[in-house]
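Following: one structure in structure tokens, then a few remarks.
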Amino acid sequence: MKKDISSLHVPHNKNTAAYVPQRIETPAEVILPMNMHSGHDAEPIVSVGDYVKVGQLIAREEGRFSSPVHATVSGTVTDIAPIPTASGKETVAIRIESDGKMEVSETVKAPVITDCDSFLQAVRDSGMVGLGGAAFPTWAKLNEAKNPDYKVDTVLINAAECEPYITSDHRMMLEHPQLIADGIEYLRKYMSEYLGDAIYKICIEKNKPDAIEILKKTFENKDYVVIHELNAIYPQGAKQVMLYNATGRVAVAGRRFPSFGALIINVSSLAKMAEYLNTGMPLVERIVTVDGPAVDKPMNLIAPIGTRISELLKITGLKAEPGKVVVGGPMNGTAICSVEDPIVKVSNAVLVFDEKSAVLPEASACINCGRCIEHCPVGISVADVDRMMNIKDADKKARMLIETGVRQCVDCACCSYVCPANRPLLQINWDAKDFLKKYAAEQKEKEGGNK
Ligand code: SF4
Ligand code: SF4
């Protein structure tokens with residue numbers, strides 16, 4: 001029998017699983033960055049002083065993997081200027097001062113869809129991206145199924161939500177199972193040429209029995225939908241791990257995901273995509289789990305995208321001085337510098353750690369225990385990556401790093417979590433991947449110059 005790729009049993013801390021998401025009061029201002037997706041920044045099409053309404057297009061996508069941005073409140077555009085991001089780079093953001101009316105734009109109408117192309121265009125117009133954290137535009141992911149080199153027979157609906165604390169996908173499944181069903185029917189209807197015989201596997205961890213029950217009921221007469229229960233381990237939601245655990249197929253580095261015969265889509269992305277196709281309301285709000293040791297009343301909140309994090313924390317309150325604020329999960333999320341930053345499309349959680357739990361222990365020398373390798377879900381020689389980063393010769397360093405498999409790293413942080421020497425292995429992997437990217441670009445440039 002096939003054995004699951006298992007990695008780590010981390011404390012689940014799903015404190016908010018039973019909490020129905022509460023819609024927050026309209027914030028006084030939203031800040032909408034142009035980089036809420038994986039590709040090029042979107043391009044603003046409004047000016048300071050313009051009055052905008054909810055759902056109105058305010059920035060167009062720029063290039064294939066970009067995504068449009070829509071107004072999430074009604075009100076006046078007060079500023080279009082660069083803001084710093086957690087990565088240290090800057091991106092332009094549109095600020096809208098809310099008039100409190102949440103007036104919906106006249107452009108919000110269910111799109112007319114007649115075939116696969118108009119379907120994909122509608123998904124593109126919705127501004128939908130991978131809401132689990134990947135931020136890859138949903139239409140671009142679906143579009144890959146059209147590649148004649150691929151034969152997609154399985155659509156994996158990623159409902160694992162394996163990171164501790166986060167329950168926003170869980171609540172989406174409990175609150176809106178019909179939208180998930182609608183999303184599957186849209187894919188079957190308009191992508192029938194490419195996904196006609198596909199099996200839809202809703203991959204969900206066993207620690208969500210109430211959602212499993214609802215989904216089983218919702219799909220009881222649909223033989224093309226399987227509720228695939230997975231062990232509650234981290235990082236079950238990483239696409240390579242899910243592919244193996246749900247289909248037995250192994251994702252080989254350097255190949256596009258659909259080449260393994262599967263598409264993967266986050267469950268909330270699928271539901272919100274269906275909502276747009278049903279109503280024409282693009283992605284303007286989302287469920288955010290607010291939790292962590294310093295949060296007084298952990299909650300699930302529904303907030304307009306662009307709401308400042310401080311607005312959410314005013315609602316939940318704090319019971320301790322914050323030491324670190326993370327957007328996303330504690331394993332894979334991003335620590336932010338200011339609670340005045342906005343939530344963006346992929347912000348599934350805001351976690352606040354107190355000063356004690358935020359302090360990182362000091363790193364010491366590697367003791368060659370092998371735990372990092374043992375727990376890496378994709379079998380990377382993590383301790384070797386750590387050593388190879390000290391090689392001075394760039395060619396040798398690149399060759400040796402490639403041999404460790406670091407390019408396949410899914411950024412899950414299991415290695416850092418288990419390391420008894422507290423080595424910052426995730427950061428080291430990031431540095432290694434950065435080095436390899438720059439090295440490859442330099443080699444390409446050299447080859448160009450030699451022609
Ligand atoms: S090397 Fe990457 S994939 Fe492996 S455990 Fe570390 S972060 Fe996860
Ligand atoms: S877990 Fe830490 S100490 Fe053990 S081999 Fe890996 S880097 Fe070294």
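Brief remarks on what is shown
- Selected residue (criterion: farthest from ligand 1 (Cβ to nearest atom)) from residues of the range 390-417 that are over 30 Å from Y244 (Cα atoms) and touching a residue at least 12 places away in the same chain (Cβ under 8 Å): A394
Rundown of residues vs (1) surrounded by fewer than 22 Cβ atoms within 10 Å (Cβ to Cβ); (2) charged (D, E, K, R); (3) outside the structural domain of M128 (by TED's automatic domain parsing); (4) farther than 26 Å from N332 by Cα, yes/no style:
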| site | (1), (2), (3), (4) |
| --- | --- |
| L8 | yes, no, yes, no |
| T26 | yes, no, yes, yes |
| P33 | no, no, yes, no |
| H37 | no, no, yes, no |
| V46 | yes, no, yes, yes |
| D50 | yes, yes, yes, yes |
| Q56 | no, no, yes, yes |
| F65 | yes, no, yes, no |
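- Flag if K314 is part of a loop (DSSP other than H, G, I, E, B) and more than 23 Å from the chain's Cα centre (by Cα): no
- Where strands (runs of 3 or more DSSP E) fall entirely within the range 187-274, those with at least 1 residues that are farther than 22 Å from P137 by Cα are at 199-205, 225-230.
- Checked against the criterion of being in contact with a Pro (Cβ under 8 Å, 6 or more places away or on another chain) and either under 21 Å from S416 (Cα atoms) or within 16 Å of ligand 1 (Cβ to nearest atom) (or both), the range 310-329 has at least one qualifying residue.
- The condition of being crowded, with 19+ Cβ neighbours inside 10 Å and at pLDDT below 95 holds for only one of G130, G75, that being G130.
- Taken together, K314, K356, K345, K297 contain a single residue that is over 27 Å from G100 (Cβ atoms) and either touching a Cys at 6+ places or on another chain (Cβ under 7 Å) or more than 16 Å from ligand 2 (Cβ to nearest atom) (or both), which is K356.
- Here K109 fulfils each of the conditions (1) in contact (Cβ under 8 Å) with a residue 60 or more places away in the chain; (2) within 27 Å of W139 (Cβ to Cβ); (3) surrounded by 14 or more Cβ atoms within 10 Å (Cβ to Cβ) apart from (3).
- For the range 215-250, the candidate set comprises residues that are under 29 Å from P11 (Cβ atoms) and among the aromatic types (F, W, Y); within that set, the residue that is surrounded by the most Cβ atoms within 10 Å (Cβ to Cβ) is Y234.
- Test: residue in the range 274-285 that is under 21 Å from L174 (Cβ atoms), in contact with a strand residue (DSSP E or B) (Cβ under 7 Å, 6 or more places away or on another chain) and surrounded by fewer than 24 Cβ atoms within 10 Å (Cβ to Cβ): yes
- Qualifying residue in the range 178-189 (condition: buried (at least 19 other Cβ atoms within 10 Å of the Cβ), in contact with a Cys (Cβ under 6 Å, 6 or more places away or on another chain) and within 17 Å of V226 (Cβ to Cβ)): no
- When E340 is tested against (1) free of Cβ contacts under 8 Å to residues at least 40 places away in the same chain; (2) closer than 30 Å to M128 by Cα; (3) out of contact with any helix residue (DSSP H, G or I) (no Cβ under 9 Å at 6 or more places or on another chain), just one condition goes unmet, and that condition is (3).
- Of the criteria (1) crowded, with 19+ Cβ neighbours inside 10 Å; (2) more than 16 Å from ligand 1 (Cβ to nearest atom), which one E340 fails: (1)
- Of all residues making up the range 408-429, the number that are within 11 Å of ligand 2 (Cβ to nearest atom) and not in a helix (DSSP H, G or I): 6
- Test: I24 is in contact (Cβ under 8 Å) with a residue 60 or more places away in the chain, touching a Leu at 6+ places or on another chain (Cβ under 6 Å) and closer than 30 Å to E161 by Cα: yes
- Residue check for E374: modelled with pLDDT under 95, more than 16 Å from ligand 2 (Cβ to nearest atom) and not β-branched (V, I, T): no
- Check on L360, of a type in the set (A, V, I, L, M, F, W, C), touching a residue at least 12 places away in the same chain (Cβ under 8 Å) and near ligand 1 (Cβ under 10 Å from one of its atoms): no
- Number of the exception - V346 against (1) away from ligand 1 (no atom under 16 Å from the Cβ); (2) in a loop (DSSP other than H, G, I, E, B); (3) hydrophobic (A, V, I, L, M, F, W, C); (4) surrounded by fewer than 21 Cβ atoms within 10 Å (Cβ to Cβ): (4)
The values are calculated or read from the model by the stated rules, or taken from the named source; none is laboratory data. Note that the structure is predicted; figures quoted are calculated from it, not measured. Every residue, glycine among them, receives a Cβ derived from its backbone with ideal geometry; neighbour counts consider all protein chains shown.
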